[in-house]
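The values are calculated or read from the model by the stated rules, or taken from the named source; none is laboratory data. Owing to the predicted nature of the structure, the values given are computational and were not obtained by experimental measurement. Note: ideal-geometry Cβ built from the backbone for every residue, glycine included; neighbour counts use all protein chains shown. Calculation scope for accessible area: heavy atoms of the full protein, side chains included, ligands and nucleic acids excluded. Shrake-Rupley method; radii C 1.70, N 1.55, O 1.52, S 1.80 Å.
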Amino acid sequence: MGLIGIDLGTTFCAVAALDDRGRPVSVPNRDGDILTPSAVYLAGDGSAVVGQPALDLALEEPERVATLVKRRMGLPDYGRPVAGREFRPETLSAVILKKLAQDAAAHLGPVTGCVITVPAYFDDTRRKATMDAGRIAGLNVLDIIDEPSAAALAYSVGAGGAAAPAPQTVLVYDLGGGTFDVTLVKLGKKRFQVLGIEGDVRLGGRDWDDRIAAHAAERFAKEFGTDPRTDPQSDAALQASAERAKRSLSKVEQVSVTVSHDGRRLTVPITRAEFETMTRDLLVRTRLTAQHLLASTGLTWDQVDKVLMVGGSTHMPATRKMLADLTGREPDHSLAVSEVVARGAAVHAGIRSAADPGNAEPPPGDLGDIVEISVNAHSLGVQVRQGDEQLNHKLVPKNTQLPAAAEQVYYTAADDQTRVRVRILQGEANQAEACIPVGECWIEGLPPDLPKGSPVKVRCGVGSNGRIEVTATDLTSGRAATAAILRPGGLTDQELAREAAWVRNMRVQ
Ligand SMILES: Nc1ncnc2c1ncn2[C@@H]1O[C@H](COP(=O)(O)OP(=O)(O)OP(=O)(O)O)[C@@H](O)[C@H]1O
Ligand SMILES: [Mg+2]
């Protein structure tokens with residue numbers, strides 16, 4: 001079948017496929033590892049190295065290595081040159097995806113389609129960028145799916161869910177390397193329904209590392225009068241040892257971080273209690289987000305049957321303690337927290353391909369009759385002017401069941417107007433300025449002789465994968481008008497083809 005699920009993480013990626021009974025299984029990379037670090041090294045000869053070797057090379061040549069690319073998704077560039085060149089985050093991600101698919105193909109044979117995961121809290125711009133990364137990598141992207149939903153889906157087809165006698169309400173707490181999401185899901189026997197989503201796209205394990213790194217760097221600076229973070233090489237080494245120290249603190253009560261810079265060394269001891277104190281505010285942020293989600297769905301903690309922990313950062317004992325205290329029940333850590341998202345993506349790939357009428361081959365197992373229902377993580381609105389103010393007029397409120405659509409009628413402002421501009425927004429704020437501009441939608445091809453004040457109906461839709469579409473009708477003639485969203489930072493088809501050609505010709509190992 002050649003279907004794979006890809007968890008394109010901020011710090012680690014994982015790949016899964018379906019076995020012949022439709023059950024998801026992790027697919028190791030060429031080195032036999034289930035997780036591949038999300039790091040790209042660009043060599044002088046135009047080839048690339050992805051994964052652990054790229055991270056190792058970062059200690060020597062940090063300027064040739066890109067990490068944490070996902071944090072830049074949806075932005076026009078990576079933020080600094082890599083190997084002397086500016087890159088789009090989509091292109092760097094595509095290099096990672098190419099390596100993942102290439103290694104998977106070595107195990108499974110040709111990859112015919114994939115599903116890539118995104119944080120539930122990603123807006124349309126970031127979702128489009130992720131799909132584009134897949135296309136640049138030359139992959140057939142069947143769909144994208146929210147990471148916590150994928151985790152719950154994998155759980156539901158696994159022992160926990162399918163065996164459950166009655167529908168269960170499950171809270172998925174997903175704290176990864178760079179993003180945090182919390183999702184409430186209702187799992188039935190053949191039905192999978194997301195009730196609500198909250199999250200923070202800039203909160204993850206990396207922030208915990210930074211606290212340790214800052215603590216050690218400050219101690220070093222106090223001792224020697226120079227800060228290791230000012231030198232890229234010392235900083236890369238410090239980040240790596242801070243991350244190792246954090247992992248060790250999940251198991252032992254005390255560790256030490258060694259800082260080397262400017263020919264000097266300092267060993268800084270840190271206890272787990274100190275670490276938990278210096279990162280308490282980060283954990284509180286996740287707690288407030290979970291509480292907020294529960295309140296917004298109108299449920300109480302008694303009505304939540306299960307708490308699933310997903311993402312590598314849930315290895316930290318403090319997350320488990322906090323969740324137990326918050327929810328009044330011991331969280332489930334039976335899941336392989338770092339693999340379950342990719343496995344869910346593989347299940348979703350099976351469901352999608354089963355639903356495709358053009359697909360002659362039935363999916364393995366009985367994935368065909370699972371019903372998936374999702375919601376939108378951000379309200380969808382249009383910009384309207386009221387007096388001097390630009391406001392966000394919400395059309396599809398946050399946490400609406402998907403797919404959803406809403407209509408709005410606009411009136412032409414002048415005689416013979418052939419096009420109308422509508423600005424599409426995502427976000428909860430009333431002020432348009434405080435929202436995320438998805439793009440401008442131009443309604444074009446209106447007949448040339450329309451009088452001023454002619455009505456044009458605009459329909460904004462959110463697809464089941466969170467992607468936004470717009471259609472428009474000229475109400476005078478009843479004819480459809482062209483409506484295309486122009487995404488300001490996004491890649492055009494032409495640019496996409498150019499980047500794809502570049503990645504296609506690149507040797508990636
Ligand atoms: N034993 C551990 N103790 C503490 N943190 C850990 C441990 N193991 C992994 N981590 C952290 O988990 C994070 C990686 O988790 P994961 O692989 O789920 O994230 P990701 O998928 O890369 O990121 P995201 O989902 O945010 O895009 C890293 O910050 C890593 O340091
Ligand atoms: Mg992840």
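Across segment 248-263, the qualifying residues are those that are in contact (Cβ under 8 Å) with a residue 12 or more places away in the chain and exposed (fewer than 13 other Cβ atoms within 10 Å of the Cβ), and the one among them that is nearest to ligand 1 (Cβ to nearest atom) is 252. When 167, 232 are checked against the criterion of being open to solvent by 60 Å² or more (accessible area, probe 1.4 Å) and under 26 Å from residue 343 (Cα atoms), a single residue qualifies: 167.
Is it fair to say residue 296 is surrounded by 15 or more Cβ atoms within 10 Å (Cβ to Cβ) and either farther than 30 Å from residue 186 by Cβ or more than 16 Å from ligand 2 (Cβ to nearest atom) (or both)? So residue 296 fits the description; yes. The combined condition, being within 16 Å of ligand 1 (Cβ to nearest atom) and either basic (Lys, Arg) or within 19 Å of residue 507 (Cα to Cα) (or both), is fulfilled by residue 89.
Looking only at segment 443-464, which residues are open to solvent by 30 Å² or more (accessible area, probe 1.4 Å) and closer than 23 Å to residue 197 by Cα?
Residue satisfying the conditions is 464 alone.
Within segment 132-219, considering only strands (runs of 3 or more DSSP E) that don't extend past its boundaries, which have at least 1 residues that are of a type in the set (Lys, Arg)?
It comes to 180-187, 191-200.
Among residues of segment 98-126 that are in the same structural domain as residue 37 (by TED's automatic domain parsing), those with a Cβ under 7 angstrom from a residue that is open to solvent by 30 Å² or more (accessible area, probe 1.4 Å) and assigned to a helix (DSSP H, G or I), sequence gap 6+ or separate chain, pair up as 111/105; 115/352; 118/126.
Number of residues in segment 174-227 that are free of Cβ contacts under 8 Å to residues at least 24 places away in the same chain and of a type outside the set (D, E, K, R): the value is 4.
Checked against (1) within 30 Å of residue 63 (Cβ to Cβ); (2) hydrophobic (A, V, I, L, M, F, W, C); (3) modelled with pLDDT under 95; (4) within 16 Å of ligand 2 (Cβ to nearest atom), residue 197 meets all criteria but (1).
Answer yes or no as to whether residue 50 is away from ligand 2 (no atom under 16 Å from the Cβ) and either surrounded by fewer than 17 Cβ atoms within 10 Å (Cβ to Cβ) or not assigned by TED's automatic domain parsing to the domain that holds residue 81 (or both). Walk me through it before giving the result.
Details: away from ligand 2 (no atom under 16 Å from the Cβ): yes; either surrounded by fewer than 17 Cβ atoms within 10 Å (Cβ to Cβ) or not assigned by TED's automatic domain parsing to the domain that holds residue 81 (or both): no.
Judged against the criteria, residue 50 is not a match.
For segment 290-335, name all the residues that are basic (Lys, Arg) and in a helix (DSSP H, G or I). Correct list: 320, 321. Tell me, yes or no, whether segment 118-126 has at least one residue that is within 16 Å of ligand 2 (Cβ to nearest atom), of a type in the set (Lys, Arg), open to solvent by less than 20 Å² (accessible area, probe 1.4 Å) and modelled with pLDDT under 95. No, segment 118-126 has no match at all. Of the residues making up segment 312-351, those that are within 13 Å of ligand 2 (Cβ to nearest atom), open to solvent by less than 30 Å² (accessible area, probe 1.4 Å) and over 19 Å from residue 157 (Cα atoms) are 313, 314. Residue 269 meets all of the listed conditions (1) modelled with pLDDT under 95; (2) open to solvent by 40 Å² or more (accessible area, probe 1.4 Å) but one, namely (1). Within segment 155-177, the set of residues being at pLDDT 90 or above and within 16 Å of ligand 1 (Cβ to nearest atom) comprises 172, 173, 174, 175, 176, 177.
Could you grab the pairs with beta carbons closer than 9 Å, sequence gap of 6+ or different chains, first residue in segment 319-342 and more than 18 Å from residue 119 (Cβ to Cβ) and free of Cβ contacts under 8 Å to residues at least 24 places away in the same chain, second one β-branched (Val, Ile, Thr) and surrounded by 15 or more Cβ atoms within 10 Å (Cβ to Cβ)? Correct list of pairs: 320/314; 324/307; 330/307.
Here is the figure for segment 407-435: residues that are surrounded by fewer than 18 Cβ atoms within 10 Å (Cβ to Cβ), within 34 Å of the chain's Cα centre (by Cα), over 16 Å from residue 469 (Cα atoms) and not acidic (Asp, Glu) total 5. Quick one: would you say residue 30 is away from ligand 1 (no atom under 16 Å from the Cβ), touching a residue at least 12 places away in the same chain (Cβ under 8 Å), among the charged types (D, E, K, R) and not assigned by TED's automatic domain parsing to the domain that holds residue 231? Yes: the conditions hold for residue 30. Would you confirm whether or not segment 186-194 contains a residue that is closer than 27 Å to residue 321 by Cα, surrounded by fewer than 22 Cβ atoms within 10 Å (Cβ to Cβ) and away from ligand 1 (no atom under 14 Å from the Cβ)? Checking segment 186-194: at least one residue is closer than 27 Å to residue 321 by Cα, surrounded by fewer than 22 Cβ atoms within 10 Å (Cβ to Cβ) and away from ligand 1 (no atom under 14 Å from the Cβ). Can you find a residue that is at pLDDT 95 or above and within 12 Å of ligand 1 (Cβ to nearest atom) anywhere in segment 14-27? The answer is yes; a qualifying residue exists. Only one entry in 34, 6 is open to solvent by 20 Å² or more (accessible area, probe 1.4 Å), within 16 Å of ligand 2 (Cβ to nearest atom) and out of contact with any Lys or Arg (no Cβ under 7 Å at 6 or more places or on another chain), namely 34.
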